[in-house]
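First the structure, in the form of structure tokens, and then the observations on it.
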Number of protein chains: 2
Amino acid sequence: MAAGDRVTIYEVAERARVSISTVSNVLNKPDRVSPATRARVLAAADELGFVPKMQAVSFARRAAGRIGVMAPFTSYSSYLRRLSGLLATAAQLEIDVVVFDHESAALASSPVLASMPIHGRLDGLIVMGLPIEDAIAERLRERNLPTVAVDADSALFSRVVIDDSNGGSLAAAHLRDRGHRRVGYLLERQVSDYESQAIRRLSGFEQVIGAAGGDVRVATSDNSVGAARQAAAALLDVADRPSAVMAHHDALAVGVLLAARDRGLRVPDDVAVMGFDDGEAATAADLTTVRQPFEESGNTALGVLLGHIDGSDLRSTTVLDVRLVERSTT
Amino acid sequence: MAAGDRVTIYEVAERARVSISTVSNVLNKPDRVSPATRARVLAAADELGFVPKMQAVSFARRAAGRIGVMAPFTSYSSYLRRLSGLLATAAQLEIDVVVFDHESAALASSPVLASMPIHGRLDGLIVMGLPIEDAIAERLRERNLPTVAVDADSALFSRVVIDDSNGGSLAAAHLRDRGHRRVGYLLERQVSDYESQAIRRLSGFEQVIGAAGGDVRVATSDNSVGAARQAAAALLDVADRPSAVMAHHDALAVGVLLAARDRGLRVPDDVAVMGFDDGEAATAADLTTVRQPFEESGNTALGVLLGHIDGSDLRSTTVLDVRLVERSTT
DNA sequence: TGCTTCGAATAAAGCACTTCAAGGACGGTA
DNA sequence: TACCGTCCTTGAAGTGCTTTATTCGAAGCA
């Protein structure tokens, strides 16, 4: 414990023979202090190894220097990628990032404090990949906690999303150009308005295939490789089997791949398969897919959030582009 | 901003007509307060929607209620899995988890404050997957910041590791039982003493194969699918090609898989392939692999850390078990 | 020389809780 | 009735920094 005793601003002040206010000013508003004094204070701080205690700083500043990121990390590994993009920037800005898994973030509501676990500790919040429930949104609003939604719709907050419709179109165009006309589409079974994202993607897809005189057959699956493997039956076990299957995201595509193998179908000759995201699974399965700019999305979200924290009240929507990544499954 | 005004303990006290000390006691040591008073205070708190401000709480308690997790999240996706295990538990305990990517965690050292960015804000630290540099370790020690190392060696701190040697043995036994005698092993090129982990895994592997009269050929690769795909040449492009290849982890195994396909080799008939970790890539590639208990490792680490925070000075090492997962590549 | 002005330094008031020593009330006992 | 001991409750002192209003001194001006 001996070494644990922190050096406080008082000791620095004493050593530099100034008041603590001056020490504080040296650290925060150097130009308000005469060069001579400043030098003396800095020297004293260095000699004592003074490190301002964040606890106290943020307490006195009424700000946390800390933002939260909530996402379904467990369910969708892709959110980690967004997080890393954000982390790099946050570290430079000396902002701490507290992560919440959407599953585990369920309100640990004590009888007294019916509130989200995050209240009051954060300067801002980034919610990824899941719709912000109205009740929660209202609370965030009330608490005046700046929030931005990533990869999700929100009527109240700024958003960072991808062009899902275009993503669907890109994929469809790729398949169309390879001659596919009868194609399957494996949709993820989802809840609430997150769906609209999935729908947009599907619409973009259908539009292009439809325009080419093709036909899209849609099946639905839960979010897991195993579920997709089973759900693919609806697409593959029919007389006029589609010559290509697009899945809502990579993990589902992997399920389709396995289902194809179960049936002795060759990929891509008997059936072409595409995913969406270009995550780790896509690389591993050598899957043709549509790449989302994950890292950039995290970064952008942080930028937008910081703008709001600094006072901007302008709701904004940032749409990021996607692009096709060709591999061996089409 | 109107709604942003927080309810403070003073207002609750006033409404319940008690002192703030009593309110504080109701929240922290309920049994020291008479039931009647307690009820009154709780009611008042509920009516006002009182939420204690963590800033102030932890400041007054001289504790942060917050731990840090540092890991190479960007480079190895598997660390996310460990993180989720930890997150669930942390949420229940109302502990915030601040994440640092090992890459971006480089010291943002100001001229005055030569210190790690994490000092003074955390109650404890979990360092995953990378050796703790001596200089850093010494600083953590000095600052008296409880630390535990996961999946890494450390002379100073408690550790949570897997039985690498056993993992290697398991894999080897599996291949041996399938008749493989001439096998390749793709090692990851690594730095410093993290290597010892890799070495232990390899030793366990070699021992079993050796005991069966077999022979292990070792090649080295950087950490990426692409690098592994190239490095596999050293194993596959030789006269007496191994009938099986084990890779240090899944991503490398995927590289081997691709390399095999490049050469028109069938898996597992011409060459069997195994990985290690059982991450997302393993599922996607339907790879036989050795599973690490990721979630559990995160949880265990948190438990150990909490013990240290609560005062235990006992250095400990927890070894977690691994197990074989058979899929289609062997 | 006397008065103003302006920069530099400071005192002191927060910030929103925890905690501990101390005070009060009340029932029980002699 | 007087004295004790217990259990609640409270006042007040931290916690370590920011910030605002104020003071001090010296330079500038007439």
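Simple point charges give the picture: +1 on the Cβ of Lys and Arg, -1 on the Cβ of Asp and Glu, and for the protein assembly as shown a dipole about the Cα centre of about 1080 debye. Between A:VAL12, A:VAL208, A:VAL148, the Gaussian network model of chain A with springs among Cα atoms under 10 angstrom shows the greatest mean-square fluctuation at A:VAL12.
As a rough guide to protection, the peptides A:166-177, A:27-38 ranked by mean Cβ packing within 10 Å, highest first, stand as A:166-177, A:27-38. DSSP beta bridges fully contained in the protein assembly as shown are about 10 percent antiparallel.
Hull volume per residue, based on the alpha-carbon atoms of chain B and their convex hull, is 187 Å³. Measuring from a point 7 Å past the Cα of B:ALA233 along Cα-to-C-beta, which residues in the range B:244-271 have an amide N at less than 19 Å? Within reach of a label on B:ALA233: B:252-265.
Using θ = phi - 60° in the Karplus curve 6.51 cos²θ - 1.76 cosθ + 1.60, the 3J(HN,Hα) couplings for the range A:35-44 round to x, 4, 4, 4, 4, 4, 5, 4, 4, 4 Hz; x is entered for Gly and Pro.
Here the dipole of the range A:164-291 is about 360 debye; that uses its Cα centre as origin and unit charges on the Cβ of Lys and Arg (positive) and Asp and Glu (negative). Taking amide hydrogens as placed 1.01 Å from N in the peptide plane, the amide H of B:VAL290 sits under 5 Å from those of B:GLY275, B:PHE276, B:ASP277, B:ASP278, B:VAL325, each at least 5 positions away in sequence or on another chain. Counting Cβ atoms of other protein chains within 10 Å of each residue's Cβ and taking the mean over peptide A:95-102 gives 6.
Sorting the segments B:53-65, A:68-80 by their mean number of nearby beta carbons within 10 angstrom, highest to lowest, gives A:68-80, B:53-65. Chains B and A together bury roughly 5300 Å² of accessible surface, counting both sides and using a 1.4 Å probe on protein heavy atoms.
Along its three principal directions, the equivalent ellipsoid of the range A:1-73 from the Cα gyration tensor extends over semi-axes of 28, 17, 10 Å, largest first.
Length gained on full extension, B:SER19 to B:THR220, computed as 0.36 nm times the residue gap minus the Cα-Cα distance: 65.5 nm. Computed from backbone phi, the HN-Hα couplings of the range A:21-34 come to 4, 5, 4, 4, 5, 4, 6, 9, 9, x, 6, 8, 10, 5 Hz, rounded to whole numbers (Karplus: 6.51 cos²θ - 1.76 cosθ + 1.60, θ = phi - 60°; Gly and Pro given as x).
With an a/c value under 1.5 for the gyration tensor axes a ≥ b ≥ c computed over the alpha-carbon atoms, the range A:164-291 is described as rounded.
Label point of A:ALA233 (7 Å along Cα→beta-carbon): distances to the other copies' equivalent points are 4.6 nm, sorted ascending. A 1.4 Å probe run over the protein chains yields, for the range A:216-279, 34 Å² of accessible area per residue, whole-number rounding.
Within the shell of other residues whose beta carbon sits under 11 angstrom from the beta carbon of A:ASP151, the net charge comes to -1, with Lys and Arg scored +1 and Asp and Glu -1. Shielding value for A:67-76 is 2, the average number of Cβ atoms from other chains within 10 Å of each residue's Cβ. Under a 5 Å amide H cut-off, with hydrogens placed 1.01 Å from N, A:VAL99 pairs with A:VAL69, B:VAL97, B:VAL99 among residues at least 5 apart or on other chains. Between B:THR220 and B:LEU187, the built amide H atoms are under 5 Å apart, and every one of these is 5 or more places off in sequence or on another chain.
Mean partner shielding of peptide A:272-282, defined as the number of other chain Cβ atoms within 10 Å of each residue Cβ, is 2. Farthest towards the positive end of the charge dipole of the range B:2-52, among the residues B:VAL51, B:ASN25, B:VAL12, is the Cα of B:ASN25, using unit charges on the Cβ of Lys, Arg, Asp and Glu.
The relative contact order of chain B, computed from alpha carbon pairs under 8 Å that lie at least 6 residues apart in sequence, is 16 percent. Other residues lying with their Cβ under 13 Å from the Cβ of B:ARG315 contribute a combined charge of 0, Lys and Arg counting +1, Asp and Glu -1.
Summing charges over neighbours of A:ASP286, with a neighbour being any other residue whose Cβ is under 13 Å away from its Cβ, gives -3 when K and R count +1 and D and E count -1. Applied to the range A:156-164, the Karplus parametrisation 6.51 cos²θ - 1.76 cosθ + 1.60 on θ = phi - 60° returns per-residue 3J(HN,Hα) values of 9, 10, 5, 10, 10, 9, 9, 7, 4 Hz, with x for Gly and Pro. As a fraction of the 1.4 Å probe accessible area of the range B:164-291, surface on carbon and sulfur atoms comes out at 46 percent.
Axis of helix B:134-143 versus longest Cα principal axis of chain B: the two differ by about 20°, to the nearest ten degrees. Computed from label points 7 Å out along Cα-Cβ, the spacing between B:ARG182 and A:ASP310 is 6.5 nm.
For the protein assembly as shown, what is the Kirkwood hydrodynamic radius in Å, using each pair of distinct C-alpha atoms? This gives a value of 27.4 Å. Work from the charge dipole of chain B (Cβ charges, +1 for Lys and Arg, -1 for Asp and Glu, about the Cα centre) and give the residue of B:VAL245, B:ALA171, B:THR220 farthest towards its positive end. It is B:ALA171, whose Cα lies furthest towards the positive end. Across the accessible surface of the range A:2-52, with the other protein chains kept in place and a 1.4 Å probe, carbon and sulfur atoms take up 51 percent.
Placing a label point 7 Å from the Cα of A:VAL325 along the Cα-to-Cβ direction, the residues of the range A:246-285 whose backbone N falls under 18 Å from that point are A:246-257, A:273-285.
Of all aspartates and glutamates in the structure, those lying under 13 Å Cα to Cα from B:LYS53, and not within fewer than 8 positions of it along the same chain, are A:ASP123, B:ASP5. A simple charge model with +1 on the Cβ of Lys and Arg, -1 on the Cβ of Asp and Glu and nothing else charged puts the dipole of chain A at about 660 debye relative to its Cα centre. Tell me the angle of helix A:294-309 to the major Cα principal axis of chain A, expressed in degrees between 0 and 90 and rounded to the nearest ten. In chain A, helix A:294-309 runs at an angle near 40 degrees to the longest axis.
The values are calculated or read from the model by the stated rules, or taken from the named source; none is laboratory data. Since this is a predicted model, take the numbers as computed values, not measurements. No Cβ is skipped: glycine too gets one built from the backbone with ideal geometry, and neighbour counts run over all protein chains shown. Ligands, DNA and RNA are stripped out before the accessible areas are found, and what is left, the full protein with its side chains, is counted by its heavy atoms. Shrake-Rupley method; radii C 1.70, N 1.55, O 1.52, S 1.80 Å.
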